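Novice: Here it is: the structure, laid out below.
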Amino acid sequence: MFHLLCQTYFLKKMKKFNYFALMLLSSCFGKDIKSKPATMTTTETTSAFYDFKMKSLTGEMIDFASFKGKKVLLVNVASKCGYTPQYEDLQKLHEQYGDKLVVLGFPANNFASQEPGTEEEIGAFCKKNYGVTFQLFSKISVKGDDQAPLYKWLSDKSQNGWNDQTPSWNFCKYLVNEKGELIKYFSAGVKPMGEEILNELK
């Protein structure tokens with residue numbers, strides 16, 4: 001009897017563990033999408049996206065004010081990740097929708113040390129393997145104590161107005177609209193040329 005009770009207890013614990021493991025995997029690798037509440041007004045965004053200035057992969061300072069009037073897709077990228085082939089679709093997105101969308105890539109080594117390279121190595125890798133011409137930035141941290149100010153803005157609702165979601169893995173995506181408002185978060189599993197993103201560009 002005691003053995004059966006222990007077995008039942010163990011199975012319940014395993015089911016609970018498997019549920020949380022599944023939820024974790026889903027948040028990292030599934031198609032998690034978060035949207036700005038329809039009822040939220042522009043004045044609720046307390047910090048300006050267009051105030052940011054950041055260093056590009058080649059050392060130039062990029063003023064985000066130059067992105068006014070276009071949607072902006074911000075992606076934390078890595079060279080040694082299972083999602084690294086998304087570079088190809090990000091480039092397609094840049095080429096096919098560049099009249100209405102700016103694609104920005106931010107190399108980051110936060111997840112399983114999958115972006116260990118220098119700026120020069122990252123640039124050479126992207127150009128050689130994927131012909132990347134969209135804007136890449138100097139390597140930053142996208143979460144944790146050393147999180148870059150831009151990613152604090154993207155993942156702190158006291159700054160962006162509604163979203164607290166930090167990147168759960170490499171190749172998570174944030175979409176900012178033509179007014180500098182954060183409107184969407186897409187997890188890594190959402191493809192750059194997937195309907196979830198393309199529908200936002202219609």
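Novice: Could you check, for the range 135-152, whether at least one of its residues is farther than 23 Å from Phe67 by Cα, touching a Lys or Arg at 6+ places or on another chain (Cβ under 7 Å) and either not polar (S, T, N, Q) or not assigned by TED's automatic domain parsing to the domain that holds Phe67 (or both)?
Specialist: No, every residue in the range 135-152 fails to be farther than 23 Å from Phe67 by Cα, touching a Lys or Arg at 6+ places or on another chain (Cβ under 7 Å) and either not polar (S, T, N, Q) or not assigned by TED's automatic domain parsing to the domain that holds Phe67 (or both).
Novice: What about Tyr87, is it surrounded by 13 or more Cβ atoms within 10 Å (Cβ to Cβ), among the hydroxyl-bearing types (Ser, Thr, Tyr) and in contact with a Leu (Cβ under 9 Å, 6 or more places away or on another chain)?
Specialist: Judged against the criteria, Tyr87 is not a match.
Novice: Here is a further query. Of the numbered conditions (1) modelled with pLDDT under 95; (2) polar (S, T, N, Q); (3) loosely packed, with under 15 Cβ neighbours inside 10 Å, Ser66 satisfies every one except a single condition; which is it?
Specialist: (1)
Novice: Look through the range 175-199, keep the residues that are under 16 Å from Lys100 (Cβ atoms) and in a loop (DSSP other than H, G, I, E, B), and return whichever of them is nearest to the chain's Cα centre (by Cα).
Specialist: Applying the filter and picking the extreme gives Pro192.
Novice: Being at positive phi and surrounded by 19 or more Cβ atoms within 10 Å (Cβ to Cβ) narrows it down to one residue among Gly189, Gly161, Gly144; which is it?
Specialist: Of Gly189, Gly161, Gly144, the one residue that is at positive phi and surrounded by 19 or more Cβ atoms within 10 Å (Cβ to Cβ) is Gly161.
Novice: Further question: Does the range 105-118 include one or more residues that are touching a helix residue (DSSP H, G or I) at 6+ places or on another chain (Cβ under 6 Å) and under 24 Å from Glu196 (Cβ atoms)? It would help to see each step written out before you state the result.
Specialist: Initially, the range 105-118 is screened for residues touching a helix residue (DSSP H, G or I) at 6+ places or on another chain (Cβ under 6 Å), giving 107.
Retained after the next criterion (residues that are under 24 Å from Glu196 (Cβ atoms)): 107.
Yes, the range 105-118 contains a residue that is touching a helix residue (DSSP H, G or I) at 6+ places or on another chain (Cβ under 6 Å) and under 24 Å from Glu196 (Cβ atoms).
Novice: Then there is this: Quick check on the range 39-52: of everything there that is surrounded by 12 or more Cβ atoms within 10 Å (Cβ to Cβ) and outside any helix (DSSP H, G or I), which residue is modelled with the highest pLDDT?
Specialist: Only one residue tops the list, namely Phe52.
Novice: Under 8 Å between Cβ atoms, at least 6 apart or on separate chains: pull out the pairs that start in the range 180-202 with a residue that is in the same structural domain as Lys70 (by TED's automatic domain parsing) and among the charged types (D, E, K, R) and end on any residue that is surrounded by fewer than 20 Cβ atoms within 10 Å (Cβ to Cβ) and in a helix (DSSP H, G or I).
Specialist: That search, which allows pairs on different chains as well, returns Glu181/Thr42; Lys184/Glu200; Lys191/Asp89.
Novice: At least 2 residues that are under 16 Å from the mean Cα position of the chain (by Cα) and among the hydrophobic types (A, V, I, L, M, F, W, C) in each: list the strands (runs of 3 or more DSSP E) lying fully within the range 58-174 that qualify.
Specialist: Fully inside the range 58-174 and qualifying: 71-77, 101-107.
The values are calculated or read from the model by the stated rules, or taken from the named source; none is laboratory data. Computed from a prediction, not measured in an experiment: that's the story for all the values here. Don't worry about glycine lacking a Cβ; one is built from the backbone with ideal geometry, like all the others, and counts go over all protein chains shown.
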